[in-house]
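S.K.: Please read through the structure below; I'll follow up with questions.
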Amino acid sequence: MSSTDKPARVALVTGAGTGIGRAAALALLADGWSVALLGRRAPLLHDVVRDAGAAGARALAVPADVTDPAAVRAAFDQTVQHFGRLDVLFNNAGMGAPAVPLEELAVEHWKAVVDVNLNGMFYCIQNAFRVMKAQSPRGGRIINNGSISAHTPRPQSVAYTATKHAVMGLTKTAALDGRNWDIAVGQIDVGNARTELAERMTQGVLQASGAIASEPMMDVDIVGQSVLYMANLPLSANVLFHTVMATKMPFVGRG
């Protein structure tokens with residue numbers, strides 16, 4: 001790609017091979033963005049490129065593990081080397097832990113969730129700041145994937161909920177620290193988008209009352225469109241927190 005052909009709008013999406021990350025990457029590509037697809041499993045990233053059709057020519061698969069700081073730095077450098085800059089980071093990669101009583105949660109599961117949901121998100125924010133502060137024109141936007149659990153927990157979700165509450169702290173602090181560098185930082189909180197991770201909600205999940213209930217879902221592509229809306233805002237405006245959820249899911253009044 002020559003310097004004259006480099007696109008004006010470049011995004012990097014983590015966890016881009018499946019679920020919300022995949023939906024957001026496809027929405028950005030369809031809107032004309034160039035997108036670096038970051039994820040652990042290269043075949044899934046290449047599937048996204050294929051499914052984007054002609055727009056896949058503006059996609060770059062970047063296999064990397066967000067829990068590895070050196071790999072994250074290299075992925076950001078590869079993105080900038082290929083596209084010339086970075087305008088948006090969708091900081092999406094995340095994982096859950098088995099739904100078990102708090103005292104039975106294995107320490108290994110706790111550490112794994114913290115490493116992906118919190119440490120990995122921080123490494124990506126840090127590298128986005130590094131790139132966005134140095135490029136010209138300066139600045140960019142970071143969109144962190146928070147979750148409804150950044151506000152309200154489910155039973156037996158201590159690792160996921162604790163890390164998602166921490167994401168809110170990352171978002172607020174990065175939004176403050178980014179002001180002087182034209183870096184806008186916001187958060188999208190998603191409730192019951194139909195993905196592989198959330199499919200169990202339709203089979204019946206534990207409620208705060210102790211009951212088991214099936215929960216309504218929404219199309220994950222709606223989340224992709226929400227990310228696209230946030231990405232397309234001018235840097236003079238920011239959505240600090242954006243909640244998009246299945247209308248009838250138990251969130252307001254949960255418990």
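S.K.: Considering the chain, what Rg and Dmax in Å follow from its alpha-carbon atoms?
M.R.: According to the Cα coordinates of the chain, Rg and Dmax are 17.7, 60 Å.
S.K.: Run the numbers on the chain and let me know its relative contact order in percent, using alpha-carbon pairs under 8 Å that are six or more apart.
M.R.: Values: 512 pairs, mean separation 47.0, N = 255.
Once normalised by length, the contact order is 18 percent.
S.K.: When only C-alpha pairs under 8 Å and at least 6 residues apart count, what is the relative contact order of region 152-255, in percent?
M.R.: Values: 121 pairs, mean separation 33.6, N = 104.
About 32 percent, as a whole number.
S.K.: Run through the DSSP bridge list for the chain and note the antiparallel percent, rounded to the nearest 5. Please report the intermediate quantities before stating the final value.
M.R.: On the way: 2 of 31 bridges.
Percentage antiparallel, nearest 5: 5.
S.K.: Using the per-residue mean of other Cβ atoms lying within 10 Å as a proxy for protection, in what order, highest first, do the peptides 39-47, 228-236, 27-35, 186-194 fall? Mind showing how you got there, number by number?
M.R.: Working: 39-47: 17.4, 228-236: 14.7, 27-35: 21.8, 186-194: 23.4.
Going by the mean number of other Cβ atoms within 10 Å, highest first, we get 186-194, 27-35, 39-47, 228-236.
S.K.: Here is a follow-up. Over region 69-121, what lengths in whole Å, largest first, do the semi-axes of the equivalent ellipsoid take, defined as the square roots of 5 times the eigenvalues of the alpha-carbon gyration tensor?
M.R.: Numbers: eigenvalues 211, 23, 7 Å².
Equivalent ellipsoid of region 69-121: 32, 11, 6 Å, largest first.
S.K.: I've got another one for you. Sort 145-153, 87-95 by packing, meaning the average of other beta carbons within 10 Å per residue, with the highest value first. Each step should come with its number before you reach the end.
M.R.: Numbers: 145-153: 21.9, 87-95: 25.9.
In decreasing order of mean packing, 145-153, 87-95 become 87-95, 145-153.
S.K.: If I model a spin label as a point 7 Å beyond the Cα along the Cα-Cβ vector, how far apart are those points for Ala134 and Asn232 in nm?
M.R.: 3.2 nm
S.K.: Oh, and also: Run the numbers for Asp177 and Glu108: contour at 0.36 nm per residue of separation, minus the present Cα-Cα distance, in nm.
M.R.: Roughly 21.6 nm would be gained on extension.
Each reported figure results from applying straightforward, stated rules to the coordinates on display, with no laboratory input. Computed from a predicted model, the values in this text were never measured in an experiment. Virtual Cβ from ideal backbone geometry, glycine too; neighbours counted across all protein chains shown.
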